[in-house]
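The values are calculated or read from the model by the stated rules, or taken from the named source; none is laboratory data. This structure is a prediction, so every number in the text was calculated from the model and none was measured. As a convention, Cβ positions derive from the backbone with ideal geometry for all residues, glycine included, and neighbour counts pool all protein chains shown. The area values use the complete protein model at the heavy-atom level, side chains included, leaving out ligands, DNA and RNA. Shrake-Rupley method; radii C 1.70, N 1.55, O 1.52, S 1.80 Å.
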Amino acid sequence: MKKQPVIAIDGYSSTGKSSISKIIAQRLGLIHIDTGALYRGVTYYALKNCKKNDGSIDLNQLFKELENLSLEFSEQNQTLRLTLNGQDISQEIRKSEIADHVSFIAKQPEVRHFLLDTQRRMAKHHGVVMDGRDIGTVVLPNADYKFFLTASVEERTKRRHLELLTMGESIDAETVKKNLIERDRIDSQREIAPLKQADDAILIDNSLLSKEETIELLLSYLTPPEVVQL
């Protein structure tokens, strides 16, 4: 039986990594793993359960409680759901409060170590499409295919702003842009597993591409003649 491929898709916020990876996984019959959702899940837990009196996150408390966190993916009606200790938090982790704190949580070595084993275990025995910021460089350095998605900050701002408005959040585009730029800075400059393009990753700039055009471009690298898309 032919080994199913392991595909790493990294890139900046609001380049469509997760939704694009999900569709590619569906078309190729692979498992999709949204690692960003895992970090958002930990962030959600921290904001709900590990706050100091001044409202800041108590990292020491969070680190002590990591071993009690159970994060699991499931698919319902072709939608990837994330549960935290049995609670579906798929919608909650997409809110702006989570986005404002996730880069801070994600740069903590203790959190990255906790989730690294989880991510590698998920990919060990299955063909997967895994998206994040350090998949091709750290999590799955031997992935069969690696991609790095980027887009202009202006285009990413439009996409993220529309997403938040659709979710019912009231926020102006300039604030969204500032938040994206700050997330880029934190993610790219953190000491542990910074956001960067792997040397052997294929760079995809989808500033001027639709989601479907981006998907078709990635699939053109992934589907040899003997593979039939679903």
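Is there a residue being open to solvent by 10 Å² or more (accessible area, probe 1.4 Å), modelled with pLDDT under 95, over 21 Å from Glu169 (Cβ atoms) and not in a helix (DSSP H, G or I) anywhere in the range 32-49? Checked the range 32-49: at least one residue is open to solvent by 10 Å² or more (accessible area, probe 1.4 Å), modelled with pLDDT under 95, over 21 Å from Glu169 (Cβ atoms) and not in a helix (DSSP H, G or I). Quick one: in the range 54-68, which of the residues that are at pLDDT below 95 and either in contact with a strand residue (DSSP E or B) (Cβ under 8 Å, 6 or more places away or on another chain) or among the charged types (D, E, K, R) (or both) is nearest to Gly41 (Cα to Cα)? Of everything passing the filter in the range 54-68, Glu67 is nearest to Gly41 (Cα to Cα). If you filter the range 4-31 down to residues that are of a type in the set (Lys, Arg) and under 19 Å from Val139 (Cα atoms), you find that the one that is surrounded by the fewest Cβ atoms within 10 Å (Cβ to Cβ) is Lys22. Looking at the range 164-187, I want the residues that are of a type in the set (D, E, K, R) and have a partner that is open to solvent by 70 Å² or more (accessible area, probe 1.4 Å) with Cβ atoms under 8 Å, at least 6 apart or on another chain. Which pairs are those? Short answer, once both residue conditions are applied: Glu169/Lys95; Lys177/Glu154; Asp187/Lys107.
Looking across the range 71-116, the residues that are assigned to a loop (DSSP other than H, G, I, E, B) and open to solvent by less than 50 Å² (accessible area, probe 1.4 Å) come down to Ile89, Ser90, Gln108.
Residues in the range 74-116 that are over 30 Å from Lys177 (Cα atoms) and modelled with pLDDT under 90 were compared, and the one that is farthest from the chain's Cα centre (by Cα) is Asn77. Do we find that Arg185 is farther than 28 Å from Pro5 by Cα and in contact with a Leu (Cβ under 9 Å, 6 or more places away or on another chain) in this structure? Judged against the criteria, Arg185 is not a match.
Screening Ala8 on (1) of a type in the set (A, V, I, L, M, F, W, C); (2) out of contact with any Lys or Arg (no Cβ under 8 Å at 6 or more places or on another chain); (3) within 30 Å of Thr214 (Cα to Cα) shows it passes everything except condition (2). Scan (1) out of contact with any helix residue (DSSP H, G or I) (no Cβ under 8 Å at 6 or more places or on another chain); (2) open to solvent by less than 60 Å² (accessible area, probe 1.4 Å); (3) closer than 30 Å to Glu216 by Cβ for the single condition Ser56 breaks and write down its number. The one condition Ser56 does not meet is (3). When Met122 is tested against (1) surrounded by 17 or more Cβ atoms within 10 Å (Cβ to Cβ); (2) outside any helix (DSSP H, G or I), just one condition goes unmet, and that condition is (2).
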